[in-house]
Each structure stands twice: as structure tokens, then as C-alpha cells.
Amino acid sequence: MRKTKNILKFLKEFRFYKKRELTLAASSLSSKQFLLFVGLLLIAIISLVGIIGKINSMFLVDVPSNGGEITEGIVGFPTLVNPVIAFSDADKDLTSLIYSGLMRKTPDGDYIPDLAKTMDVSGNGTVYTFTLKDGIEFHNGKDITVDDIIFTIDKIKDPLTKSPKKSSWDGVIVNKIDEKTIEFRLPQPYISFMDNTTLGILPSQLWKNVSTKEFNLSTLNSKAVGSGPFKVRKVIKNSDGLSERYELVRFNGFALGKPLIKKLNIVSFASEKELIKSFQGGSIDQAGGISPENASSILKGGNKINSVNLPRVFGIFFNSSKNKLFSDEELVKLLNKAIDRQEIVDKVLSGYGEIIDSPIPKKILDKEISEKFTATTIEEINASLDKAGWRLGDDGIRVKGGKSTKTVTKKVNGKTVKQNVTTSSPETRLSFSLTTGDAPELKQAVSIIKEQLLKIGVEVDIKKVYETGQVNQLIHAREYEALFFGQIIYHESDLYSYWHSSQKMGPGLNIGLYDNKKADSILESAQKMMSREDRLQKYEDLSNEFKNDIPAIMVYSPLYLYATSNNLVNLNLSNITTPSDRFLSSYLWSADTDKVYKIFIKK
């Protein structure tokens with residue numbers, strides 16, 4: 001009761017001082033006292049603001065902002081923005097933004113329903129059944145139906161269309177169950193079929209009157225209409241008639257929700273030099289596929305480079321039918337140890353790469369290299385070659401055979417005597433030709449390989465091929481002794497194409513002419529396994545077989561470099577397999593962040 005009376009008395013006597021009273025109080029202070037008072041007052045105010053700010057920040061979190069605009073530059077001009085016939089990287093970039101499929105691959109390597117509401121897979125992995133979501137539409141407002149899916153796949157299967165996706169759909173039977181349900185029947189389990197279900201869907205109402213003959217020439221290939229996160233608002237062409245700028249806006253009806261970014265522009269450049277100049281000048285915010293030699297100049301400008309290991313592997317593939325040296329497994333193993341992979345990654349890729357010793361990319365089997373390939377092994381390798389009968393010639397190149405004299409011990413009339421015995425056999429020179437393409441990266445890599453192998457007395461004759469078409473012709477005809485080449489493993493099933501013995505002859509892709517019955521059995525079994533854990537064990541077995549045989553000397557896996565502004569939020573490149581996969585989560589991207597109170601965050 002007494003406390004209550006005291007509080008009431010204080011409130012009764014409390015009052016705000018008038019301006020005149022404050023002025024009189026201030027005038028009564030000396031100059032020093034006044035300055036001290038003002039200083040203490042400022043300190044108190046600043047401290048109070050700081051305390052309030054800290055308390056406020058405890059309840060605030062960063063969230064992607066809604067709206068904004070991003071401009072990305074690419075090298076190349078898109079001409080076929082169409083999921084059926086997209087061929088170039090520029091085509092695929094635009095296609096991935098404009099179209100969507102039944103399922104959508106996430107940057108983490110999983111699959112989520114996109115246009116599909118539900119998915120069911122039979123126990124034996126040969127029947128896939130999908131039900132469409134309600135209310136899904138194309139960018140032009142027309143409903144998406146099962147008929148649109150069937151139309152798209154029929155166009156892929158039509159040999160006259162010449163779709164690069166045709167082989168993935170050969171043998172797949174497509175059935176319309178009802179207006180919302182579609183079924184795919186596979187002749188046998190196909191572990192990479194889920195990738196097929198991410199196929200962008202064409203609006204059949206727009207395309208049905210376009211003949212197969214005119215399919216590649218239709219204006220719909222530039223003014224594309226799909227159901228992806230972004231739709232075409234405007235296409236700007238240059239004086240040559242090439243589409244140099246796509247202005248895309250978010251599609252509010254996107255099946256996975258309205259994208260955060262309001263506008264996304266894609267600007268095309270004729271060369272990487274022009275792309276880099278534009279990026280550094282600030283006219284574009286992002287640039288994909290940066291080469292390692294340009295990475296340092298971008299970083300100097302305070303920009304950000306995102307790197308990710310795509311499933312690309314580069315190495316030396318042998319053709320023992322053209323050079324019998326490669327039939328000697330022990331010799332190949334010594335050549336394998338002589339390659340200093342780290343030196344190649346550092347010099348050719350400016351460090352933007354990973355050394356590898358297996359043709360199975362880390363995206364499939366993430367395994368550290370067990371052996372160390374260092375210059376300290378050179379002496380041991382030379383000693384092993386000496387022991388195997390490979391002697392150094394006057395020119396520094398090793399040879400085996402020819403005339404040679406060695407001392408043998410014999411017993412003659414009960415006495416041990418030493419005799420010199422001369423033997424003669426065809427002389428073999430430790431030499432082979434190495435073929436590669438004319439890309440600067442490839443030429444520099446084989447030049448370093450030549451220098452490294454010369455240290456152990458191996459002669460490498462570098463053969464350059466100046467056009468992609470020439471390389472393909474040589475591969476199909478198997479007209480090479482050794483080939484420095486890269487493989488892209490988009491799907492796990494690609495391993496079968498690259499290493500099964502049935503693919504040894506052209507146009508098969510087993511360019512190392514690998515023939516191992518145990519490896520064949522492993523590849524065949526993995527193709528039929530629906531469980532990823534079971535397949536991983538098979539790939540472990542396959543990796544061990546590769547190490548025993550050394551069907552190719554695997555050297556490096558280059559990193560994909562993606563330059564972005566520091567303001568880009570929600571970029572995820574963790575498990576992409578192709579450059580265009582960088583747009584998988586573009587509907588979640590944001591050009592900046594906002595601070596909001598935690599209580600307003602949806603859980």
C-alpha cells in the first residue's frame with residue numbers, strides 16, 4: 001500500500017520541463033560542463049540506438065526479395081528454343097527457362113513433381129504412370145493436357161524431326177489412360193528414364209499445323225511458348241537476324257509457384273571476350289561458362305565466381321589395334337603413374353579442375369584418388385622400365401629388342417665359365433602418336449603430357465585435328481593410336497555406352513576398345529537396378545576393374561565456372577550435370593534480400 005502511494009505521488013509531481021526552464025538550466029553551466037553534458041548525451045543516444053538495433057536484429061532474418069531484374073550473358077545465339085530439337089548450349093539455356101516437364105530435376109540431383117501431381121513406378125521398373133495437376137496452363141493461357149505430352153514425344157520419335165533426344169525414347173510405348181493420366185511402358189528397366197520425364201512439353205494447339213518439314217524453321221522456335229517459370233515478352237534481333245536478346249518475365253501460373261524474380265534477360269555474345277567485357281562493364285549481371293584464364297580478371301573486379309564439377313572426364317584413350325604397345329598392361333600402368341595430373345590442372349585449368357583416376361565421375365561415385373601421382377615416382381618408373389628391358393637410346397627414347405649382348409654363366413667340363421651371348425629380335429621403339437582436337441585447353445594438355453612422358457623415355461607424336469567433324473570421323477573409324485578426349489556422362493546409363501564391349505566398333509562410343517567380360521556383366525546388372533545403393537556397389541566394382549586394367553589414363557575433370565553478382569540469392573549448383581542445369585532453381589532466385597521479422601516467415 002505504501003509503495004502504491006509513492007508511485008502515485010511521483011506521477012503527480014512528474015512533469016516535462018518547459019523550453020524556458022531548460023534554457024536557464026543550460027545557461028547556468030560553464031562551457032566545459034556544457035560540452036561534457038552534450039558529449040554524455042550523445043553517447044547515451046548512440047548507445048540506446050545500438051541496443052535497440054541489436055534487439056531488433058535478434059528478431060529479423062534475411063529472406064529473398066520479391067521482384068527485381070537480372071541480366072545474364074551467354075556465348076552463342078539461340079535458334080532452336082524447343083525441347084524437341086534444342087542442340088546448342090544457347091538453345092538449351094532458353095529452353096530450360098521457358099519449358100517445364102512432368103518432373104523437374106533439382107540441383108541436389110532429386111526429382112520433384114512439376115506438371116505431374118503424382119507418379120507411380122511398377123515394381124520391375126518398366127511402367128511409369130503420371131497424373132497431371134489441376135489448373136496447369138501454358139504461357140498463352142491454354143490448358144496443358146495429356147495430348148500435349150503425347151504430341152511432344154511423337155515429334156521426338158519421328159526420324160524426320162532428327163531430335164537429339166530420339167534414342168532416349170526409342171522402344172518406349174506411350175499410353176493415354178484418360179485426360180489426366182499418361183503411362184510409359186519400357187521394354188526393360190532403364191535407370192535414367194527419370195531424366196526423360198523432365199522433357200519440356202510443347203503446346204500441341206500451336207504446333208499441330210506445323211509440318212515436320214517446317215518444324216525446324218518455324219518462328220515458334222524463337223517466340224517460344226511453354227509452361228516454365230519464365231515466358232517470352234520480347235525477342236530482339238541484330239542486323240544479321242540473330243536473336244541477341246531475350247526479355248523474359250515471370251510466369252505467375254508456373255506449376256511450382258510464382259518466381260521471385262520479375263524479369264530475366266538473356267543477352268547473346270559472339271565470343272567470350274565480348275561477354276567478359278560486358279560483364280566487367282556492368283551491363284550484364286551474370287555470365288556462364290567462363291574459361292579458367294578469364295576467371296582471375298573477373299575476381300579482381302570484386303565479382304563472384306561459382307564453380308561446380310560437371311560429369312566431364314578427360315583422358316588418354318588407347319587403341320591397341322593400331323599400336324601393340326598398349327596391349328602391355330604393365331607398361332600402361334607405368335605410363336599412368338608418370339602423368340602428373342596436378343601439374344596439368346594447375347597449368348591448363350588455372351587450378352579450376354580436379355584430378356581423376358577413374359572414368360566414373362564423382363557425380364556418380366564420389367571417391368578420393370588413392371594413388372599419389374608425383375614427380376618423386378619418376379625414378380621408380382625408370383627403374384621398372386629398365387628392368388622390363390626398355391633401354392634408353394642415344395636420343396633419350398627407350399627401345400626394346402634389336403641386337404643385345406648379355407653375359408651368361410655356364411658349366412663347361414665341370415667348370416663355371418662366363419660367356420657373352422648376342423641375341424637379335426625386332427627392335428621396338430617406345431613411341432606412340434596422340435591425337436586431339438584444336439581447342440587451346442586440349443593442345444596445352446597434350447603438350448604437357450608429351451614433356452612428362454619424355455622424362456621416362458617415351459616419345460609422343462602429337463597429332464592435332466582442327467575440326468570437330470574430323471575428330472568424330474577418326475573416332476568412328478577408330479583411326480588413332482591414342483586419343484586425348486573428353487567424355488560427358490549425362491546419365492548413369494552412359495557408362496554402358498562408353499565401356500561395354502558391344503560398343504567397341506564405330507559408331508559405338510567405347511573409344512578405348514575396352515573388352516572385359518566382368519565389366520560387361522557389372523554394366524548390364526547396373527542398368528536393371530532401381531535401387532541407387534545397389535548401383536553404387538556395382539560402380540565400386542567397376543572402378544576396381546578399371547584400376548586393374550587401366551583401359552584409359554584419366555587425367556582431369558574441369559570445373560564449370562559461373563560468374564554472378566554478389567546480390568544473387570538462392571543459387572544452387574550442387575549437383576548439376578549440364579550448363580543449362582544452372583537454371584533448375586531459377587524460379588527461387590532473388591536479385592536481393594529483405595529483412596523481415598521471424599514471426600512473418602511461413603513455416
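Exposure proxy check: 475, 462 ranked by fewest other beta carbons within 10 Å?
Listed from fewest to most nearby Cβ atoms, that is 462, 475.
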Review point. When only DSSP loop residues count, what chymotrypsin sites (Phe, Trp or Tyr not before Pro) in the range 437-485 have their Cβ near at most 12 other Cβ atoms within 10 Å?
Key: 466
Practice item. With the Cα gyration tensor of the chain in hand, give its eigenvalues times 5 under a square root as the equivalent ellipsoid semi-axes, listed largest first in whole angstrom. Key: 60, 39, 24
Exercise for review: Rounded to the nearest Å, what's the spacing between the alpha carbon centres of the range 257-275 and the range 277-334? Just the number, please.
Suggested key: 23 Å
Review point. Efficiency by 1/(1 + (r/R0)^6): what FRET value for residue 419 and residue 466, r their Cβ-Cβ distance, R0 = 51 Å, to the nearest 0.05?
Key: 0.35
Exercise for review: Report, to the nearest 10°, how far helix 272-281 tilts away from the longest principal axis of the Cα atoms in the chain, using its own Cα long axis and a range of 0 to 90°.
Suggested key: 20 degrees
**Study point:** Acute angle (nearest 10 degrees) that the helix 440-454 long axis makes with the longest principal axis of the chain, alpha-carbon atoms
**Key:** 50 degrees
Point to revise | Ranking of 476, 139 by count of other Cβ atoms within 10 Å, fewest first | key: 476, 139
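Can you tell me how much longer the chain between residue 87 and residue 32 gets when fully stretched, taken as 0.36 nm per residue apart minus their C-alpha distance, in nm with one decimal?
Separation in residues times 0.36 nm, less the Cα-Cα distance, equals 11.8 nm.
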Study note, to complete from the structure: Nearest 10, in degrees from 0 to 90: the angle of helix 89-98 to the longest Cα principal axis of the chain is 40 degrees
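Computed from the coordinates by the stated procedures, all read-outs in this text should not be read as laboratory data. Here the structure is a predicted model, which is why all the values come from computation and not from measurement. As a convention, Cβ positions derive from the backbone with ideal geometry for all residues, glycine included, and neighbour counts pool all protein chains shown.
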